[in-house]
Amino acid sequence: MDDLPKEIKENLPENQDLYETVGGLILHILGELPKKGEIIHYKNMEIIVTQIRKRRIISLEIKVNTSTT
């Protein structure tokens, strides 16, 4: 989590004791393992699950909406 860009870190919950990875955050938000291609909207982020292997989130694409409108 330390190597995430500032724009993403600013949008994460303050209580990060509940998870150690972005995949853990997704599991915390959804309460279940997402499917490949699933899109999760959280604050001003759009998180797209791009790869799942067994019961692990392998890769995600995160888009941050920085527009102020």
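Details
- Subset of the stretch 25-41 (residues that are over 8 Å from the mean Cα position of the chain (by Cα) and either surrounded by 13 or more Cβ atoms within 10 Å (Cβ to Cβ) or in a strand (DSSP E or B) (or both)): Leu27, His28, Ile29, Leu30, Leu33, Pro34, Lys36, Glu38, Ile39, His41
- Inter-residue pairs, beta-carbon under 8 Å, first closer than 15 Å to Ile58 by Cα and in the stretch 27-47, second part of a loop (DSSP other than H, G, I, E, B), 6+ apart: Leu27/Tyr19; Leu27/Leu33; Leu33/Arg55
- Residue within the stretch 48-61 that is among the polar types (S, T, N, Q), open to solvent by 40 Å² or more (accessible area, probe 1.4 Å) and farther than 15 Å from Ile8 by Cβ present: yes
- Tally of residues being closer than 24 Å to Thr66 by Cβ, at pLDDT below 85 and of a type in the set (A, V, I, L, M, F, W, C) across the stretch 1-28: 6
The values are calculated or read from the model by the stated rules, or taken from the named source; none is laboratory data. All figures in this text were calculated on a predicted structure; none of them were measured in a lab. Don't worry about glycine lacking a Cβ; one is built from the backbone with ideal geometry, like all the others, and counts go over all protein chains shown. The accessibility values were calculated without ligands, DNA or RNA, using every heavy atom of the protein model including side chains. Shrake-Rupley method; radii C 1.70, N 1.55, O 1.52, S 1.80 Å.
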